[in-house]
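K.L.:
After the structure tokens below, expect a handful of questions from me.
Derivation of every value follows stated rules applied to the coordinates shown; laboratory data play no part. Note that the structure is predicted; figures quoted are calculated from it, not measured. All Cβ positions, even for glycine, are placed from backbone atoms using ideal geometry, and neighbour counts span all protein chains on display.
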Amino acid sequence: MITNLHNLPTEFTSERLLLRRYRPSDSAMYYHMLRNNWEHLYEFLPSFLVNLRGEEDIKTWFDRQSAEWNTLNLFIFGVWEKATGVYVGENYLANPDWDVPRIEVGYFIVKEFTGNGYATESAKATIRYAFEQMKVVRIDLRCAADNTASIQVAKRCGFTQEGCFRQYHRKKDGTLVDMFWYGLLLSEWQNMQYPLKT
């Protein structure tokens, strides 16, 4: 049973990346990032962000994230290049079951920084954080069957595909797609040597 989750670190690093909780001062950057990546991210945005009207909505979103963090339901980290300080994406840990304990990982990389291995690197760092800091014994990952980039990240991180839920998700254009479900166990991860710093 986990007892000390209220003192989790709010930032960590990998070889090239810094991952940390968002701050109020990030709201303008985040708003412009969403506007610049609208087509790239639209399919994956929650309804609250789809109906975004301005920076004040981002501040509200960050407040909501803080509340979710404090209740141990959702942990969202922005991702920045360590060398340049440039924002490149986002990772999250969500849908926990603390009785197991297990949690789900997710991620996105802004369009101009795709193809650099940042999704895999940041996902591996977040996986390490979940296993080492949260003491989970299992991490889930799910993605649409047509999301080939995310499928490749899951494979590179060592996940095993455990199921395919047929016609499980309706995309924003109305298309029904299958959903792949992946799992990674603590015992499996311990046999991998992720070359990452914490």
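K.L.:
Can you count the Lys pairs in segment 58-186 whose Cα atoms are under 24 Å apart, with each pair 8 or more apart or on different chains?
P.N.:
Here the count comes out as 11.
K.L.:
Once phi is turned into θ = phi - 60°, what whole-Hz ³J(HN,Hα) does the Karplus curve with 6.51, -1.76 and 1.60 give for every residue of segment 38-50, x standing for Gly and Pro?
P.N.:
Running phi through 6.51 cos²θ - 1.76 cosθ + 1.60 with θ = phi - 60° gives 4, 5, 5, 9, 3, 4, 9, 7, x, 4, 4, 7, 4 Hz.
K.L.:
Still on this structure, I have one more. Amide H neighbours of L17 under 5 Å, counting only residues 5+ apart in sequence or on other chains, H built in-plane at 1.01 Å?
P.N.:
K82
K.L.:
Pull out the extension gain between H169 and K111, defined as 0.36 nm times the separation in residues minus the alpha carbon to alpha carbon distance; nm, one decimal.
P.N.:
On the way: separation 58, 0.36 × 58 = 20.88 nm, distance 2.33 nm.
Taking H169 through K111 to full extension adds about 18.5 nm, to one decimal.
K.L.:
With a ≥ b ≥ c taken as the square roots of the eigenvalues of the C-alpha gyration tensor of segment 35-135, please select rounded if a/c is under 1.5 and otherwise prolate if a/b is larger than b/c or oblate if it is not? Numbers along the way, then the final one.
P.N.:
Details: a/c = 1.90, a/b = 1.17, b/c = 1.62.
In terms of gyration-tensor shape, oblate.
K.L.:
Sticking with this one: Sorted by average packing, counted as other Cβ atoms within 10 angstrom per residue and highest first, what order do 184-192, 83-91 take?
P.N.:
Taking the mean over residues of other Cβ atoms within 10 Å, the ranking is 83-91, 184-192.
K.L.:
Indicate the gyration tensor shape class of segment 82-189 (rounded, prolate or oblate), computed on the Cα atoms with a ≥ b ≥ c the square roots of the eigenvalues: a/c under 1.5 is rounded; otherwise a/b larger than b/c is prolate and the rest oblate.
P.N.:
Note, shape of segment 82-189 comes out oblate.
K.L.:
Could I ask something else about it? Apply the Karplus parameterisation 6.51 cos²θ - 1.76 cosθ + 1.60, with θ equal to phi minus 60°, to every residue of segment 164-172 and state each ³J(HN,Hα) to the nearest whole Hz, in sequence, with x for glycine and proline.
P.N.:
Taking θ as phi minus 60°, the curve returns 10, 8, 6, 6, 8, 9, 9, 6, 5 Hz for segment 164-172.
K.L.:
Please go through segment 1-55 and write out the GluC sites (Glu not before Pro) that DSSP classes as loop and that have at most 16 other C-beta atoms within 10 Å.
P.N.:
E15
K.L.:
Just subtract the alpha-carbon distance of N191 and T71 from 0.36 nm times their residue separation and send over the number in nm, one decimal.
P.N.:
Full extension of this stretch gives 40.0 nm more.
K.L.:
When DSSP assigns beta bridges and you keep just the ones with both residues in the chain, what percent turn out antiparallel, to the nearest 5?
P.N.:
Around 90 percent antiparallel, to the nearest 5.
K.L.:
Using each residue's phi in segment 122-130, evaluate 6.51 cos²θ - 1.76 cosθ + 1.60 at θ = phi - 60° and report the 3J(HN,Hα) Karplus result to the nearest Hz, with x for Gly and Pro.
P.N.:
6, 5, 4, 5, 5, 4, 4, 4, 5
K.L.:
Would you please give the residues with an amide H less than 5 Å from that of Y107, counting only those at least 5 places away or on a separate chain, with H modeled from the backbone geometry?
P.N.:
Excluding prolines and chain starts, which carry no amide H, the hits are Y92.
K.L.:
Here's a follow-up. Work the Kirkwood hydrodynamic radius out for the chain: mean of 1/r over every pair of different alpha-carbon atoms, inverted, in Å.
P.N.:
Value: 17.4 Å, from the Cα pair sum.
K.L.:
A further question on this structure: As a test of the formula, what do you get for the chain when each DSSP H run with n ≥ 4 contributes -39,500 (n - 2.57) and the sum is divided by the residue count, at 222 nm and rounded to the nearest 500 deg cm²/dmol? Don't skip to the end; give the middle numbers.
P.N.:
On the way: 7 runs with 63 residues, N = 198.
Helix contribution divided over all residues of the chain: -9000 deg cm²/dmol.
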